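Let me begin by presenting the structure, written as structure tokens, before commenting on it.
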Amino acid sequence: MIRRLGIVSVATMLALATGGGSAVAAAVPETLERQRAHRPVLDVAHRGASGYAPENTLAAIDKAASLGATTVELDIQRTKDHKLVVIHDTTLRRTTDVAKVFPDRAPYNVGDFTLREIKRLDAGSWFDRSFAGEKVPTLQEALDRLRRHRVNFLLEIKAPVLYPGIEDQIAQTIKSNPYWLVPDGRGGYEKLVIQSFDRDSARRSKERLRSIPHGILGRVAENDLARYSSWADQINPNHTTIDAAYVRRVHAAGMEVHTYTINEPGDMRRAIAMGVDGIISDYPDRLRQVIREQRSDRGPQEEPRERTPLLP
């Protein structure tokens, strides 16, 4: 992702140096579009390589890395004893054997179990027996594994209304892992981006981690784009809800578009043709192949350049 703040500051300095304030408005969109034109679409592995391994597990992270994924997306929730864990559903039923281990604890809400209890669960067998014994990871375990693979991280704050103050806990965890505060990550993209369907939660998180790009999940009404662009860096909608005109409007507001969840090559090509900046997929290998094909069709491209790190 291109740092909007960094680009704005450069344009502003140029304008001040030449005495022309109006240059800023023209320079920023032009710079954004020029840099987008030379970058490949970002490939994001949805819940890890969840088409090949149990979602939101270390095995899914490992598989995504082995397939060459640039970024991995994971969902973060909180346990009864206030530990941050990686899981998508707000209950443990679908992706663990919780009903077998704790038969009398329905409806099996994540927030009703301690980390120690959750660590007793099998989070792999539901997907395939070869993953038996896979555990629900903590956020810290996921950060460590992603760092080991040098893979970028798209962190989704899941159902924050159930976990008051989760934004503070996430921010504290990230700040205690300064590796994730340095912006330059794999492929010249941001090392960490945080997103949520809950716009208030995303904004609270941005206030605590100002140097980290933040995205809003779901389509934002076009007449609200300017308002959200005051703090959001991305609008990340379902691919079925957007078209090329919408992508252009988001870009004009100074934000990027990363769309989900696309698993068929034809749909990937259509999204790339719309001008999206990133695609989230359960099958990162398929996505990378389509991106390579599209890049080949466009001819030689400029490699991403290193950027100056921003202060946390």
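The values are calculated or read from the model by the stated rules, or taken from the named source; none is laboratory data. Fair warning: this is a prediction, and the values are worked out from it, not measured in the lab. All Cβ positions, even for glycine, are placed from backbone atoms using ideal geometry, and neighbour counts span all protein chains on display.
Select from segment 55-69 the residues that are of a type outside the set (Asp, Glu), part of a loop (DSSP other than H, G, I, E, B) and surrounded by 24 or more Cβ atoms within 10 Å (Cβ to Cβ) and write down the one among them that is farthest from the chain's Cα centre (by Cα).
Thr57
Only one of the listed residues (Arg120, Arg105) is assigned to a loop (DSSP other than H, G, I, E, B), more than 23 Å from Leu217 (Cβ to Cβ), touching a residue at least 12 places away in the same chain (Cβ under 8 Å) and touching a helix residue (DSSP H, G or I) at 6+ places or on another chain (Cβ under 8 Å). That residue is Arg120.
Among the residues of segment 230-241, which ones are closer than 17 Å to Met274 by Cα and either surrounded by fewer than 22 Cβ atoms within 10 Å (Cβ to Cβ) or free of Cβ contacts under 8 Å to residues at least 24 places away in the same chain (or both)? Result: Ile235, Pro237, Asn238, His239, Thr240, Thr241. Consider segment 164-205 and keep the residues that are in a strand (DSSP E or B) and of a type outside the set (Ser, Thr, Tyr). The one that is farthest from the chain's Cα centre (by Cα) is Asp184.
Do you know which of the residues in segment 148-163 that are of a type outside the set (Val, Ile, Thr) and in a helix (DSSP H, G or I) is nearest to Val72 (Cα to Cα)?
Only one residue fits best here, namely His149.
With respect to Arg227, is the statement that it is surrounded by fewer than 23 Cβ atoms within 10 Å (Cβ to Cβ), within 20 Å of Pro160 (Cβ to Cβ) and either of a type outside the set (Asp, Glu) or in contact (Cβ under 8 Å) with a residue 12 or more places away in the chain (or both) true? No. Given the criteria modelled with pLDDT of 95 or more and more than 28 Å from Asn238 (Cα to Cα), does Glu207 qualify? No: the conditions fail for Glu207. Output the residues belonging to segment 245-260 that are assigned to a loop (DSSP other than H, G, I, E, B) and free of Cβ contacts under 8 Å to residues at least 40 places away in the same chain. Listed by number, the list holds a single entry, Ala253. Residues in segment 76-102 that are surrounded by fewer than 21 Cβ atoms within 10 Å (Cβ to Cβ), part of a loop (DSSP other than H, G, I, E, B) and not acidic (Asp, Glu): Lys80, His82, Lys83, His88, Thr90, Arg93, Arg94, Phe102. Within segment 123-145, the residues that satisfy the criterion of being among the hydrophobic types (A, V, I, L, M, F, W, C), part of a loop (DSSP other than H, G, I, E, B) and closer than 14 Å to Val85 by Cα are Ala123, Val136.
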